[in-house]
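The values are calculated or read from the model by the stated rules, or taken from the named source; none is laboratory data. Note that the structure is a prediction, hence the values are computed from the model and not measured. A quick note on method: Cβ atoms are made from the backbone with ideal geometry, for glycine too, and the neighbour counts reach across all protein chains shown.
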Amino acid sequence: MGQLIFFLFVAIPIIEIAIFIQVGGWLGVLPTVGLIVLTALVGTLLLRWQGMATLGRARAAIDRGAMPVAELVHGLFLLVAGLLLLTPGFATDLLGLLLFIPAIRLSVGGIILHRLIRQQQSGSKQDRGGPIVIDGEYEDISRTDPPKDHRIDR
């Protein structure tokens with residue numbers, strides 16, 4: 001995992017610089033910078049709009065007594081999308097804009113969930129060699145006569 005993060009911190013800036021050079025060559029410096037600022041503004045507006053809608057759905061779920069799991073997942077992906085759009089660069093902007101599409105958020109969330117479950121299952125198969133410990137409380141109910149102060153109301 002640490003290697004992946006290191007790779008991303010090195011690869012993403014290199015990719016963004018290469019794209020900046022290409023786009024800057026086609027459009028010029030000022031239009032390129034303007035495009036980056038525009039995507040940051042659009043990202044902020046999309047984040048506010050979809051974030052408030054997601055918050056409303058989460059509140060409605062809580063009011064119904066349900067756990068707003070889907071809304072929390074959507075909210076997490078919206079946060080990532082907003083951060084990607086605020087990060088200067090065209091590749092990160094594209095990824096951020098894609099995460100504003102609910103179907104893509106659900107697909108990415110499903111893939112991540114599937115991998116986490118698979119990783120958990122493979123990890124639990126490796127852990128089967130040791131003792132199983134179950135922590136809990138118990139009460140001895142083997143007594144035949146009830147306590148003297150025990151009353152049965154019918």
Check: Would you call LEU72 part of a helix (DSSP H, G or I), among the hydrophobic types (A, V, I, L, M, F, W, C), free of Cβ contacts under 8 Å to residues at least 60 places away in the same chain and surrounded by fewer than 16 Cβ atoms within 10 Å (Cβ to Cβ)?
Finding: yes
Notebook entry, point to check: Quick check, is GLN3 closer than 30 Å to LEU116 by Cα, polar (S, T, N, Q), in a helix (DSSP H, G or I) and in contact (Cβ under 8 Å) with a residue 40 or more places away in the chain?
Noted result: no
Next item on the list: Kindly indicate the residue of segment 85-125 that is on the phi < 0 side of the Ramachandran plot and part of a loop (DSSP other than H, G, I, E, B) and also surrounded by the fewest Cβ atoms within 10 Å (Cβ to Cβ) among those meeting that condition.
Entry: ILE101
Item checked: segment 37-69 - residue that is crowded, with 18+ Cβ neighbours inside 10 Å and among the β-branched types (Val, Ile, Thr) and, of those, nearest to LEU97 (Cα to Cα) -> THR39
Next item on the list: Identify the residue in segment 27-70 that is under 18 Å from ASP93 (Cα atoms) and among the polar types (S, T, N, Q) and, among all such residues, is modelled with the highest pLDDT.
Entry: THR32
Note to self: If I ask for residues that are modelled with pLDDT under 75 and among the hydroxyl-bearing types (Ser, Thr, Tyr), which ones from segment 112-154 would you list?
What the structure shows: SER124, TYR138, SER142, THR144
Notebook entry, point to check: If you go through segment 15-29 one residue at a time, do you hit one that is within 19 Å of LEU106 (Cα to Cα), in a helix (DSSP H, G or I), small (Gly, Ala, Ser) and touching a Ser or Thr at 6+ places or on another chain (Cβ under 7 Å)?
Noted result: no
Notebook entry, point to check: Among the residues of segment 58-108, which ones are farther than 29 Å from ILE36 by Cβ and basic (Lys, Arg)?
Noted result: ARG59, ARG64
